[in-house]
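Please read the structure below before turning to the comments.
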Amino acid sequence: MSRQFDNFALVALGFVVLALLLPLTAGDSQLGWMDHPAAFSVLLLVGGVSLYTAWKGVHGTGVALLIVGLVFIGVLSAIGLMNDGLAGTASWGFWAYIFSLWALIWRGIAHISNTSTLHKGQRVATSIFIPALFGLWLLFLWEMLCVGFGVPGVLLPPPSAIFLQLISSLDILYADFVQTFMKSVLSGFIMGCGSGFIVAILVDRSPFLKRGLLPLGNMVSALPIVGIAPIMVMWFGFDWQSKAAVVVIMTFFPMLVNTVAGLSAAGKLELELMRSYGAGYWQTLFKLRLHSAMPFIFNALKINSTLALIGAIVAEFFGTPIVGMGFRISTEVGRMNVDMVWAEIFIAALAGSTFYGVMALLERAVTFWHPSYRVKHR
Amino acid sequence: MSQQSPAPEKRTVIETQELEVTFQTADGPVFALSDINLTVSHGDFVSFIGPSGCGKTTLLRAIADLEPLSSGSISVNGATAHESRMARAYGYVFQAPALYPWRTIEKNVTLPLEIMGMGKDERAERSTKYLELVNLAGFENKYPWQLSGGMQQRASLARALCVDPELLLMDEPFGALDEIVRDHLNEQLLRIWRRTEKTIVFVTHSIPEAVFLSTKVVVMSPRPGRIIDVIDCDFPADRSLDIRETPEFLEVAHRVREGLRAGHSYDD
């Protein structure tokens, strides 16, 4: 009877052996594992656990969590090594060590996410825990690659540098966020989506408008923002109003088209039902057609939530007071202060995905009845 | 055919005269209904039966003012079909339940009452009453998609009943359901009809269903859609599904089938 070995753990073990055999550093400083006793003992511990896991396999979430914990210690040790003279000189021995950690954490996470007998609370915890761990691991790899290979900060700063920049300039970032997101994006989003919605309802009532306005809207949506942004600045001035105007132009049309499509989504039977009750136009609109239009309207809201942020940031490249995310990005790039650009990108990504997430949650709450969200509980 | 003379106090609910409905299509006009003269009295259970394309659904929709007439006239309760629709004089049950998925069963049932502007307390009272009548008590707060097809169609029946219309128009309401559920719902419908003394017009293409339910079976034929026979069925009011095995029942069913065959013979 042949024994079934745990493949990931075997790979991890193989890399630990490679880490021991290959040189730890390259270049002038010929440091070895023996010069870093703490890191060396962690390496041996990783090797030992890999050997044990390869032989016995992973049984139970507890063991998997222990493995994740060990990898965490291994990560700290790797960061310690970087600070201890490996920055820019790391060689194959070090990378083999990183790969062994990779294989081991893969094994641990795979076990956690495969456990099918989770109850609801555990499943929710896992659905947060695993992506978070994955993200952290990517940040760690990014950090190690940047520092280990000595990548110039202008090309790609390590996450730690971005993080330090982020904390040290929170006040500036906050002011930029307020200027760009709270003022330009939100007001433009509300005005653009609101007017798109209202015009859609007017258009729906009048076939003449439908024929005249929809192609016109189509043309407006095809306007390049790079072209209209400077014109909006001329029309509405340097402050957030011109950016909001760009956002209005970008968000209006998706809302218009989606709402018009949504308003004709109500089924024939459902409409005839309303007719058989002698319901008027507004009753039919509020009790039937707007409900069946909601999936379409939320589609537009989600598309617009990302479009609005892009529009506002790009519009700020064309003249702005000395605050705002787009302004900061364009000036800091000019000053080679790339850490700050990345910090702004991080804030923009955070704001954008939160905005999108809020729209998606709202959609779930409003269109809970839609086949894609239904929960059958009898 | 023994023409049962209706009791003198029975008043006319629906009367059509020289009714014609023509659809204009790209291939020229299609005569959906032609020369329809029909009288439905209060308390009748009338079934329209015929092959598909014979205009039975169109006739029902014309009575409900969901289909414009080309010529002729319809009167419902002495008024035009349009006036009756605006007065909510009928309840209509479609082929599909057509329940709104964002409303609970209770809210679906009370939708017509909401449109009429009825107060909240009375709406709740009515929904309780009619959901009980169709055996759906306890499902008030479920959503339609959490119920089976038969239950959904019963909810749509409750919705049609809750405005308490004198007239109930039903367009193959149980056509999409399996036979066991359909038999069961037919019995329930008969019970509700007896208890509420409504006038029911029912479209079907099942002969046993028509004969079992109806006091009058209207046999129709296609191209152009017209009435070829009206057959009276006078089975006892408290009949059960068992009468479908009796010779009397089979004889009426046979007559309906003969009628359908006669109407069909020329176009194959």
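With the alpha-carbon atoms of the protein assembly as shown aligned to their principal axes, the span from lowest to highest coordinate is 117, 80, 54 Å, starting with the largest. Overall, the accessible surface of the protein assembly as shown at a probe of 1.4 angstrom is composed of carbon and sulfur to the extent of 64 percent. Would you work out which of A:Gly14, A:Phe149, A:Ala266 lies farthest towards the positive end of the dipole of chain A, given +1 charges on the beta-carbon of Lys and Arg and -1 on that of Asp and Glu, about the Cα centre? It is A:Ala266, whose Cα lies furthest towards the positive end.
Both radii were evaluated on the Cα set of chain A; the Rg over Rh quotient, with Rh as the Kirkwood radius, amounts to 1.11. Taking all protein chains as shown and a probe of 1.4 angstrom, B:Tyr143 keeps an accessible surface of around 50 Å².
How much of the DSSP beta bridge set in the protein assembly as shown is antiparallel, as a percent to the nearest 5?
Details: 24 of 42 bridges.
In the protein assembly as shown, DSSP labels about 55 percent of beta bridges as antiparallel.
Looking at segment A:1-82, which chymotrypsin sites (Phe, Trp or Tyr not before Pro) are in a loop (DSSP not H, G, I, E or B) and have at most 16 other Cβ atoms within 10 Å? The qualifying sites are A:Phe5. Applying 1/(1 + (r/R0)^6) with R0 = 35 Å to the Cβ-Cβ distance of B:Glu125 and A:Val220 gives a FRET efficiency near 0.10. Inter-chain neighbour count for B:142-153: the average number of beta-carbon atoms from partner chains within 10 Å of each residue's beta-carbon is 2.
Given charges of +1 on the Cβ of Lys and Arg and -1 on the Cβ of Asp and Glu, with all other atoms neutral, how large is the dipole of chain A about its Cα centre, in debye to the nearest 20?
Numbers: 21 positive and 16 negative charges, 408 e Å.
Dipole about the Cα centre, nearest 20: 1960 debye.
Counting only Cβ charges, +1 for Lys and Arg and -1 for Asp and Glu, the dipole size of the protein assembly as shown around its Cα centre is about 800 debye.
Could you tell me which of the pairs A:Lys210/A:Lys243; A:Lys268/B:Lys216; A:Lys268/B:Lys107; A:Lys268/A:Lys302; B:Lys10/B:Lys107; A:Lys243/A:Lys302 are separated by over 25 angstrom between their Cα atoms in the structure shown? Present the calculation step by step, with values, prior to reporting the outcome.
Values: A:Lys210/A:Lys243 28 Å; A:Lys268/B:Lys216 30 Å; A:Lys268/B:Lys107 20 Å; A:Lys268/A:Lys302 28 Å; B:Lys10/B:Lys107 35 Å; A:Lys243/A:Lys302 19 Å.
Those over the limit are A:Lys210/A:Lys243; A:Lys268/B:Lys216; A:Lys268/A:Lys302; B:Lys10/B:Lys107.
In a simple Cβ point-charge model (Lys, Arg +1; Asp, Glu -1; nothing else charged), segment A:166-366 has a dipole of about 820 debye relative to its Cα centre.
Between A:Leu66 and A:Gln122, take the C-beta separation as r, use R0 = 22 Å, and let me know the FRET efficiency to the nearest 0.05.
Numbers: r = 17 Å, r/R0 = 0.78.
Working from the Cβ atoms, E equals 0.80.
Ignoring aspartates and glutamates fewer than eight residues from B:Lys120 along the same chain, the ones with Cα atoms less than 17 angstrom from its Cα are B:Glu106, B:Glu140, B:Asp164.
Quote the Stokes-Einstein diffusion coefficient, in whole µm² s⁻¹, for chain B, based on the Kirkwood radius over alpha carbon pairs, a temperature of 4 °C and a viscosity of 1.567 mPa s. Answer from the Stokes-Einstein relation: 67 µm²/s.
So which GluC sites (Glu not before Pro) in segment B:5-55 pass both tests, a DSSP loop state and at most 15 other Cβ atoms within 10 Å of the Cβ? Counting only loop positions with at most 15 other Cβ atoms within 10 Å, the GluC sites (Glu not before Pro) in segment B:5-55 are B:Glu9. Full extension of the segment from B:Gln188 to B:Arg223, taken as 0.36 nm per residue of separation minus the current Cα-Cα distance, would add 9.2 nm.
In the protein assembly as shown, a dipole from Cβ-located charges (positive for Lys and Arg, negative for Asp and Glu) runs towards its positive end, and of A:Ser184, B:Leu157, B:Gly50 it is A:Ser184 whose Cα lies farthest in that direction.
Of the complete DSSP H runs in chain A, those spanning 15 angstrom or more by Cα along the long axis with a mean Kyte-Doolittle score not below 0.5 are A:7-21, A:37-56, A:61-81, A:92-114, A:120-148, A:186-205, A:207-222, A:225-236, A:240-263, A:290-315, A:338-366.
Within 10 Å of the Cβ of each residue in A:264-277, the mean number of Cβ atoms contributed by other protein chains is 5. Only one residue of A:Leu164, B:Gln188, A:Ala348 has its Cα farthest out toward the positive end of the dipole of the protein assembly as shown, where Lys and Arg carry +1 and Asp and Glu -1 on Cβ, and that residue is A:Leu164. For chain A, the relative contact order is 16 percent, taking Cα pairs closer than 8 Å that sit 6 or more residues apart in sequence and dividing their mean separation by the residue count. Computing Rg and the Kirkwood Rh from the Cα coordinates of segment A:7-151 gives a ratio, Rg/Rh, of 1.01.
The values are calculated or read from the model by the stated rules, or taken from the named source; none is laboratory data. Owing to the predicted nature of the structure, the values given are computational and were not obtained by experimental measurement. Positions of Cβ are generated from backbone atoms using ideal geometry, with glycine treated the same way; all protein chains shown enter the neighbour counts. Keep in mind that these areas ignore ligands, DNA and RNA; they rest on the heavy atoms of the full protein, side chains included. Shrake-Rupley method; radii C 1.70, N 1.55, O 1.52, S 1.80 Å.
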